[in-house]
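The structure appears right after this line, and notes come after that.
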Amino acid sequence: MTNPETRHITIIGAGLAGALLATLLARRGWKVDVFERRGDPRVHGYAGGRSINLALAERGLHALRQADADRAVLDKAVMMRGRMVHPLHGEPQLLRYGRDDSEVIWSVSRGELNVLLLDAAEAAGARLYFDRRLESVDFDARVATLLGDGRAHAHRFHALIGADGAGSALRAEMGRVQDLGERTEGLGHGYKELEIPPARDGDFRIEPNALHIWPRGRYMCIALPNDERTFTVTLFLPSAGSDPSFETVVTGDDARRLFERDFADTLPLIPALEEDFDSNPIGTLATLYLDRWHVDGRAVLLGDAAHAMVPFHGQGMNCAFEDCVALAQHLERDADLATAFAAFEAERRPNAQAIQAMALENYLEMRERVDDRDFLLQRELEHLLAERHPTRFVPRYTMVTFRRMPYATAFERGRVQRELLVEATRGRDALEGIDWAWLDTEVERRLSPLPVES
Ligand SMILES: Cc1cc2nc3c(=O)[nH]c(=O)nc-3n(C[C@H](O)[C@H](O)[C@H](O)COP(=O)(O)OP(=O)(O)OC[C@H]3O[C@@H](n4cnc5c(N)ncnc54)[C@H](O)[C@@H]3O)c2cc1C
């Protein structure tokens, strides 16, 4: 058994958040032990992960900068300037995310990112233990039991941090000693991953610097580029109760029929459609809400273990990375762990709730609204207002993706801005005739200037 010490943290889960937090704490002189149920991906290859690539945005990048890991990650990332929307009929169109290439997001491989962060954690002095699955916790004796190599291992801890993802075993154990107020809301939609391989000449088959979307009302496909010149395609469908859904699209042949009808331009791009569809599992999507994230100073949750969300804002990992920076800061500020964990929860929980809500709203926007005329008119006006009032009117997507203000602030300001856009465009199909004097006054009245971010 290891001896408990103060400034000693045990992290459960060496996924994205666990590995980053281990790096941040070890670099500050904490003694850090990390237990991961899977094998070491640097030895065995990357085994798991529900999505193969992820969109990294400013919040996540900023957190990686704190661990000096940003450059190495960006070296392997593919820039995405905007959404390339593929309508059912007509030409694809790029809707830029930001003003220019200073406002872009990055497609990163989950496996490569994880490996890079594990190296960083180890280099910083964290001790990593693989093939160790948390099984149970005795919070009174402060002993965690981990299974691996065919036997149980007892580990004495000072405090536990749950970075063990949406199905967190630590959360379940914490729930046995304290009511966490846990509830999970399923989305009723699932997903399947497919692949666009490189072209014959080894290049990308479609525009690489974009996040591609094929919006189709109640369902959609998206594709993100990988640095090996493939794209990971994700098909999102209702789980049941309508056609198409995963109840009616069951086999690779069903998938081909759906793609022939609704995603015809992707068919020549996905040569192994049937095989991918038949062999890949259906992923489920849900939002996890908790009223409490910690058990006094003995355990705290972060990342997906605390607030799993649907992936439609591309912020789950970004938010988890922000959690890591915030927790490391609170642990430095407060020697008392219970106080630090409570302050961390107070800071992060309202923000997690805000991005969870925005992620749910974004699903509707991506699958139904990106090619809708009202939406496009409002977006046009949004751009103009952002130019006229750069410190006050900042599109919500920009606030979430390219800035680091609290998510809750972005959510609230986004609500006010949407009201303005709807009021100003009501009954119009073009921007001519907009009452700019009224609109400028209302922007100044309803939206305070935002502080400049360092
Ligand atoms: C389809 C999809 C697309 C997504 N796209 C994006 C995106 O574009 N951008 C974005 O920011 N986010 C995205 N996300 C969300 C992102 O994947 C998660 O928010 C992120 O992985 C959370 O990191 P985590 O470290 O908290 O959890 P995880 O990455 O799930 O890591 C948890 C780790 O804990 C380990 N573990 C689990 N149980 C135990 C146990 N009992 N004992 C020991 N170890 C254990 C696991 O093996 C794993 O290594 C997406 C999610 C999905 C499902």
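The values are calculated or read from the model by the stated rules, or taken from the named source; none is laboratory data. Nothing here was measured: the structure is a model prediction, and the numbers come from that model. We place every Cβ from the backbone using ideal geometry, glycine too, and count neighbours over all the protein chains shown.
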Unique match (being more than 23 Å from the chain's Cα centre (by Cα), touching a residue at least 40 places away in the same chain (Cβ under 8 Å) and under 29 Å from Glu365 (Cβ atoms)) among Phe236, Phe204, Phe263:
Phe263
Those residues of the range 128-153 which are within 26 Å of the chain's Cα centre (by Cα) and farther than 23 Å from Gly167 by Cβ, in sequence order:
none
Has the range 80-98 got any residue that is more than 13 Å from the ligand (Cβ to nearest atom) and under 22 Å from Ala163 (Cα atoms)?
no
Residues of the range 137-171 being within 9 Å of the ligand (Cβ to nearest atom) and in a helix (DSSP H, G or I), which ones?
Ala169, Leu170
List pairs: first in the range 435-454 and under 22 Å from Ala408 (Cα atoms), second at pLDDT below 95, Cβ under 6 Å, 6+ apart or cross-chain?
none
Looking only at the range 123-136, which residues are assigned to a strand (DSSP E or B) and within 18 Å of Ala17 (Cβ to Cβ)?
Arg127, Leu128, Tyr129, Arg133, Leu134
What is the residue count in the range 172-185 for residues that are within 23 Å of the chain's Cα centre (by Cα), assigned to a loop (DSSP other than H, G, I, E, B) and polar (S, T, N, Q)?
0
Just one of Val422, Val400, Val443 is more than 25 Å from the chain's Cα centre (by Cα), under 30 Å from Arg216 (Cβ atoms) and in a helix (DSSP H, G or I); which is it?
Val422
Just one listed residue, out of Met220, Met174, is touching a Lys or Arg at 6+ places or on another chain (Cβ under 8 Å) and touching a residue at least 24 places away in the same chain (Cβ under 8 Å), and it is Met220
Say whether the condition of being in contact with a Pro (Cβ under 6 Å, 6 or more places away or on another chain), modelled with pLDDT of 95 or more, over 30 Å from Leu301 (Cα atoms) and part of a helix (DSSP H, G or I) is met by at least one residue in the range 253-261.
yes
Count of the range 437-454 residues which are over 26 Å from Ile355 (Cβ atoms), surrounded by 14 or more Cβ atoms within 10 Å (Cβ to Cβ) and not acidic (Asp, Glu)
1
Looking at (1) crowded, with 16+ Cβ neighbours inside 10 Å; (2) modelled with pLDDT of 95 or more, can you tell me which one Glu419 breaks?
(1)
Can you tell which of Ala410, Ala437, Ala386 is under 20 Å from Leu95 (Cα atoms) and part of a helix (DSSP H, G or I)?
Ala386
Could you grab me the full set of residues in the range 274-311 that are assigned to a helix (DSSP H, G or I), more than 7 Å from the ligand (Cβ to nearest atom) and buried (at least 23 other Cβ atoms within 10 Å of the Cβ)?
Phe277, Ala306, His307
Can you name the condition, by its number, that Glu347 falls short on among (1) within 30 Å of Leu160 (Cα to Cα); (2) acidic (Asp, Glu); (3) in contact (Cβ under 8 Å) with a residue 60 or more places away in the chain?
(3)
Would it be correct to say that Thr401 is of a type in the set (Ser, Thr, Tyr), surrounded by fewer than 17 Cβ atoms within 10 Å (Cβ to Cβ) and modelled with pLDDT of 95 or more?
no
Taking the range 320-332 on its own, how many of its residues are more than 7 Å from the ligand (Cβ to nearest atom) and in contact (Cβ under 8 Å) with a residue 40 or more places away in the chain?
9
